[in-house]
1. Determine whether S545 is surrounded by fewer than 15 Cβ atoms within 10 Å (Cβ to Cβ), touching a residue at least 12 places away in the same chain (Cβ under 8 Å), not in a loop (DSSP other than H, G, I, E, B) and not assigned by TED's automatic domain parsing to the domain that holds T423.
2. Which numbered condition trips up W220, out of (1) surrounded by fewer than 19 Cβ atoms within 10 Å (Cβ to Cβ); (2) touching a residue at least 12 places away in the same chain (Cβ under 8 Å)?
3. Any idea which of G215, G169 is surrounded by 12 or more Cβ atoms within 10 Å (Cβ to Cβ) and in contact with a helix residue (DSSP H, G or I) (Cβ under 9 Å, 6 or more places away or on another chain)?
4. Can you work out which of the residues in region 284-320 that are among the small types (G, A, S) and closer than 19 Å to L241 by Cα is farthest from the chain's Cα centre (by Cα)?
5. Quick check on F214: is it assigned by TED's automatic domain parsing to the domain that holds F254 and over 22 Å from Y429 (Cα atoms)?
6. On the given criteria, is V272 surrounded by fewer than 21 Cβ atoms within 10 Å (Cβ to Cβ), in a loop (DSSP other than H, G, I, E, B) and either out of contact with any strand residue (DSSP E or B) (no Cβ under 6 Å at 6 or more places or on another chain) or touching a residue at least 60 places away in the same chain (Cβ under 8 Å) (or both)?
7. Out of W526, W555, which single residue is surrounded by 20 or more Cβ atoms within 10 Å (Cβ to Cβ) and either of a type outside the set (S, T, Y) or within 29 Å of L313 (Cα to Cα) (or both)?
8. Considering only helices (runs of 4 or more DSSP H) fully contained in region 280-380, which possess at least 2 residues that are polar (S, T, N, Q)?
Amino acid sequence: MPPVKYQSGDMVMGRWPGSSLYYEVKVLGYDARSQLYTVIYKDGTELELKEQDIMSAAGFQARSRSRSRSRSRSPVLSPSQETKAAENSSINRHEKKEENNTASKVTEKSEAKVQAEPEKNQGRYNLRRRKDDGDAKPAEAKPEEKEAIMAAAPVATLSTPLDFGGKIGAFFWLLFLPAWVLFLILQVSLEDPSLANFPPPLPPLVAFWDTQAFGFVILWILFQALLYILPFGKLSEGMPLKTGERLKYRTNGFFAIVVSAVAVAAAVHQGVDLTYIHSHFLQLATASFLISILLSIYLYVRSRNAPPEQLALGGNSGNVIYDFFKGHELNPRIKGFDLKFFCEMRPGLIGWCLINFAMALAEMKQQGLDAPSPAMIIVNLFQLIYVVDGLWNEEAILTTMDFMHDGFGFMLAFGDLVWVPFTYTMQTYYLVNHPNPLSVPALTVIIILKLVGFYIFRKSNSEKNAFRRNPSDPKLSHLKTIHTATGRNLLVSGWWGVVRHPNYLGDLIMALAWSLPCGFSHLLPWYYMIYFIILLVHRDSRDMSECRRKYGSAWDEYCRTVCYRIIPCVY
């Protein structure tokens, strides 16, 4: 193998992708397989460059002097500066004297070039964005550099890879997700929900719509919106945005679910028949789907006028279908009302508990019971604890991938309003017509599983949230970390030293505890467990790609330190 020309830590000149501009960079490492050098610019942007795109500082200065004798333009000047140099010869002479100094000045124009670079010019480079983490503060750009940034900003092409199968995949998921929810609802409502009876009979079109059901969903969303804007709970700060700004969120989710529970109890006391939810499950799902479509259209239309710095990196491909699906705008707000935060934590999540409670009442009514079955009680209780815990620790969601990276579009709107309340309730819906008696030993094992999973889930999430918000907290000084070039550290202590995603491990154990009460007669009540495995493996893959771009060689060291992704000694 030929010797490596540049070593880790060397300060060299790296050519910016698709241009003839060179900037001072630091070599972070060399990948012998791809024969690419990983380098980092002064503003935190990280790239992988070929050897021919790197020059030593001495070689660059010699080349610059040679070029300055043959032509008046400096290779390190921005296009706007070159134009001015050509128009004014006295300025040109002055710039030639300073070209070697300007070569090492990396300012905000690097950020603008990342956004403005055409996708075709980025094919052989692996762009690694740093400024999105909010850690790096660039030097103040010169007026002429700001002009170049403003000219480039409207282009704002995609700066992270397309996922979910890219543009074709987005179109597929737009069609598949609603069809899958419809299949689940129709299949679980069969007298025998065995997959051997696939496909379930399709009801007439009139069976999908009920005006009262649509009104019920609208009232539920408005009721949750009212609770969200009430001045209860604290105002929490989100993570820093690209602009350095921190948005504020009203984190009163626990208050919302308590008030919702009181309102539901009062409604039942007044004679409201909540078994309506079971008998009109399909119509309620159709109404929620229609609302999610209308919301997604609104979100995409309004995002077309959003400033570039407010767009999501992953939902900024320029393809209408992909951006509509993934979410074009990162944090869409109507004045102070944050649409993504509200939908993520309120109507669907609390609605999940409401539907479960209605299924328990429907089981009592259809089976002629004075109380719900032990299996129904335990599934209701386990999932209620999960939701209440999420709302009690509502602030922690502000450090998740959904809020830090994903825009708000069809993927999250449909997931929040349709997927969560109408697929996560499959176990309770199944138990209405297919009761499953549980022995005391079986109940004991299931409860222990739930407690173990919940402990791992809560403990690991608390560690992560505390570390992300204030890594210098003296209470966290005992934790071991791996330093990265971004200034951030990777946590390799506590549960995060056991596996890379201990919160996923806790989630999977709890999902197992939710499915076991339904028995093994049919596969359908195990849908949540199967789906969650697929979801978490895919999310782990997205995390791996994002972190490898973000942290470079430090992430490779992290992977060597924490070998297993989700399940110790297995995966």
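The values are calculated or read from the model by the stated rules, or taken from the named source; none is laboratory data. All of these numbers come straight from a predicted model, not from anything done at the bench. Ideal geometry is used to build each Cβ from the backbone, glycine not excepted, and the neighbour counts take in all protein chains shown.
1. Working: surrounded by fewer than 15 Cβ atoms within 10 Å (Cβ to Cβ): yes; touching a residue at least 12 places away in the same chain (Cβ under 8 Å): yes; not in a loop (DSSP other than H, G, I, E, B): yes; not assigned by TED's automatic domain parsing to the domain that holds T423: yes.
Spelling it out, S545 is indeed surrounded by fewer than 15 Cβ atoms within 10 Å (Cβ to Cβ), touching a residue at least 12 places away in the same chain (Cβ under 8 Å), not in a loop (DSSP other than H, G, I, E, B) and not assigned by TED's automatic domain parsing to the domain that holds T423.
2. That leaves (1) as the condition not met.
3. Numbers: G215 fails: surrounded by 12 or more Cβ atoms within 10 Å (Cβ to Cβ).
Just a single option satisfies the conditions, and that option is G169.
4. Narrowing region 284-320 to residues among the small types (G, A, S): 285, 287-288, 292, 296, 303, 306, 312, 314-315, 317-318.
From what is left, the residues that are closer than 19 Å to L241 by Cα are 303, 306, 312, 314-315.
Numbers: S303: 18, A306: 20, A312: 10, G314: 9, G315: 11 Å.
Looking at the filtered set, the residue picked out is A306.
5. Numbers: assigned by TED's automatic domain parsing to the domain that holds F254: yes; over 22 Å from Y429 (Cα atoms): no.
It is false that F214 is assigned by TED's automatic domain parsing to the domain that holds F254 and over 22 Å from Y429 (Cα atoms).
6. Details: surrounded by fewer than 21 Cβ atoms within 10 Å (Cβ to Cβ): yes; in a loop (DSSP other than H, G, I, E, B): yes; either out of contact with any strand residue (DSSP E or B) (no Cβ under 6 Å at 6 or more places or on another chain) or touching a residue at least 60 places away in the same chain (Cβ under 8 Å) (or both): yes.
When the stated conditions are applied, V272 passes them.
7. Details: W555 fails: surrounded by 20 or more Cβ atoms within 10 Å (Cβ to Cβ).
Result: W526 is the single residue among W526, W555 that is surrounded by 20 or more Cβ atoms within 10 Å (Cβ to Cβ) and either of a type outside the set (S, T, Y) or within 29 Å of L313 (Cα to Cα) (or both).
8. Details: elements: 281-303, 320-326, 339-345, 347-367.
Filter on region 280-380 gives 281-303, 347-367.
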